[in-house]
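Some notes on the structure that comes next.
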Amino acid sequence: MLHSLPREDNYMHKGMRKQLVQILRDKGIKDENVLAAIERVPRHFFLDPAFERQSYEDRAFPITAGQTISQPYTVAFQTQLLDIKKFDKVLEIGTGSAYQACVLAELGITLYTIERQRALYDHVGQFMLIKKYPNIKRFYGDGFEGLPSFAPFDKIIITCGAPFVPPKLLTQLKPGGIMVVPVGDEGKQKMLRITKDKVGNVTEEEMGNFMFVPMLQGKNHTK
Ligand code: SAH
């Protein structure tokens with residue numbers, strides 16, 4: 001498996017990452033911690049070596065099992081909306097390539113991340129970069145269920161298009177917490193930032209249109 005081979009992160013890759021960060025700044029990303037995290041994570045490790053250049057373009061890319069690695073802008077935008085504080089306990093739904101997971105892990109948090117596709121879950125397990133992040137805890141399961149035994153979470157991020165705000169996840173969000181979730185039909189979703197106040201009241205803000213692969217019910221065991 002290509003993922004398990006050692007890969008190089010040289011001055012050329014670092015230069016391409018600086019350019020990517022500039023593109024994200026130009027598109028309106030302001031959180032310096034988020035930009036610095038993007039600058040540190042070698043995104044080309046997540047793609048086949050044949051696509052090194054494309055890995056630093058600001059676009060999504062197909063990975064294994066018919067899924068995608070999110071667009072850097074989307075990763076930065078969702079992460080910025082989460083307003084991450086050091087030591088936050090964060091739940092991610094849709095590990096996918098684990099790129100978003102590594103960007104979050106760079107911010108000094110503990111991340112719990114769930115993937116419903118066995119093949120992807122196993123694939124990421126072979127990925128050497130993931131071993132650099134002991135603060136990423138990976139789970140194979142259905143994100144609609146969340147992780148009740150590890151709840152509550154300070155922040156929850158959903159990286160697939162949800163048909164509705166998953167009620168169990170809302171329950172697992174701490175008072176004072178933030179959930180960022182794209183909600184809508186397949187092909188087009190509205191990014192929602194949901195804030196739960198100290199007494200448990202919830203407010204929703206719409207943050208623009210995005211396109212994610214759908215959030216699906218249940219697990220997929222195919223290896
Ligand atoms: N965060 C990822 C985005 C991957 S695409 C990245 O940075 O690359 C979205 C992922 O969500 C896919 O891997 C898909 O299999 C997963 N997914 C869809 N529905 C899910 C569910 N109910 N529970 C957990 N993961 C889910």
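Details
- Once the Cα gyration tensor of the range 132-172 is diagonalised, semi-axes √(5λ) in Å: 19, 13, 10
- Span from the the range 57-86 Cα centroid across to the the range 167-223 one, whole angstrom: 15
- Computed E for Thr171/Asp48 - FRET, C-beta separation, R0 45 angstrom, nearest 0.05: 0.70
- Packing-based order for 169-180, 19-30, using average beta carbon neighbours within 10 Å, highest first: 169-180, 19-30
- Here the spin labels are modelled as points 7 Å beyond Cα on the Cα-Cβ line, and at Thr203 and Asp185 they lie 3.1 nm apart.
- Using the Cβ of Gly177 as centre and a radius below 13 Å, the other residues enclosed give a net charge of +3, where K and R count +1 and D and E count -1.
- Antiparallel DSSP beta bridges within the range 62-210, percent to nearest 5: 40
- For peptides 97-103, 184-190, sequence by mean Cβ density within 10 Å, most packed first: 97-103, 184-190
- Near Arg138, once Lys and Arg are set to +1 and Asp and Glu to -1 for all other residues with Cβ below 13 Å from its Cβ, the sum equals +1.
- Around the amide H of Ile69, modelled in the peptide plane, lie the amide H atoms of Phe61, Ile63, all under 5 Å away and 5 or more residues distant in sequence or on another chain.
- Take each peptide in 44-54, 201-211, count the other Cβ atoms within 10 Å of every residue, and average; sorted highest first, the result is 44-54, 201-211.
- Three semi-axes of the equivalent ellipsoid, the range 2-133, Cα gyration tensor, whole Å, largest first: 21, 19, 13
- Dimensions of the chain from C-alpha coordinates, computed as largest minus smallest value along each principal axis and given longest first, are 50, 41, 33 Å.
Any read-out appearing in this document is the output of simple, stated calculations on the displayed coordinates, not a laboratory observation. What you see is a predicted model; the values in this text were computed from it and never measured. Every residue, glycine as well, gets a Cβ built from its backbone with ideal geometry; the counts of neighbours run over all protein chains shown.
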